[in-house]
Amino acid sequence: MSLRPDSERTVGVAPLIVGVDGSERARDALALAGQLAEPGQGVVLAHVHPYGELSDLLSGDDYARLVREVAESTLSAAHETLPPATERVMQLVSNRSPAAGLHDLATEKDAALIVVGSSHRSGLGRVLAGSVAESVLAGSPVPVAIAPRGLAGSEDSIRIVGCGFDGSPEAHDALGWAADLARRRRARLAVLAVHTRIAFGGVSSAGALGYRSADDTLRRTFEQQMRDAIASLGPGVEVSGRVLDGDPSTALVDASTELDLLALGSRGYGPVRAVLLGSVSRALVREGACSVVVLPRGASAKRSDAAQRPGAAGQERER
């Protein structure tokens, strides 16, 4: 069931789907949607409810009251949180599973993104995906963005976009998505790769410059892959790259304190066009200090030079 929109969505522009439930985390999701929405891009405020299955237990008046209360609360929050020019429509979806309802709606609307809030248990300024958010992430057909708690009450904007990079095809897609966002927002792009030392990495290997450790050789190769990927992005974005050392989960969680948003690719195996969390992406959506976006495996980066990306050989690890 849908309610009358404030205005009609521009034809041909994929909308953002925002999961709302009347809570503060829904306001955070709305705030993130306001940061991400492009001019002319519609925002669908989606409330997934089980009321339809309770129709035999509820009178017509009770059902109408529940629907009206949810709609009024959500539209009021959207009016307070979204920029005035952002087009929005309220959509009520009857489904026992909030995640399934959002996935179905995203497919139906050919959405660009699903946006949800963090668990109420997370600390201010921290992401902690609750049961609904993690269910939305699992198998989503489109990228999923999770807003940190308290975003709706802050004056933050997207000034620094981060991207976790490990040389895989999924990381290249995430990098293309992050670069597009940074370019549109005139934000800085920080590409973050993490080198994990390997067992017996101190053993020397021969190279053009003589003997050096296997770890040093791998790190240099990894750093060159990152430079090649950055070079492929083209003009229009201010970008920097860093290779961090240590555990990828810990290093990226720590780095997230310096970012406004961090984009990650899905785990490198499993169904195409589905988000699959690995150890690193799971750590970020539970402990990250900024908004986190996870792209589904096989997502197109929508870049004009996508066909000229460098190869993805190198340090691949479970994200």
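The listed residues ASP254, ASP216 rank as ASP254, ASP216 when sorted by accessible area, largest first, using a 1.4 Å probe. For the pair ASP216 and SER94 in one chain, pulling the backbone fully straight at 0.36 nm per residue adds 38.4 nm over the alpha carbon distance. Go ahead and run the numbers for FRET between ARG184 and GLU80, Cβ-Cβ distance against an R0 of 22 Å, rounding to 0.05. So the FRET efficiency works out to roughly 0.35.
The values are calculated or read from the model by the stated rules, or taken from the named source; none is laboratory data. Predicted model, so just to flag it, every value in this text is computed and none were measured. In this analysis, Cβ positions are derived from the backbone assuming ideal geometry, glycine residues included, and neighbour counts consider all displayed protein chains. Side chains are part of the model used for accessible areas, which takes the heavy atoms of the whole protein and leaves out ligands, DNA and RNA. Shrake-Rupley method; radii C 1.70, N 1.55, O 1.52, S 1.80 Å.
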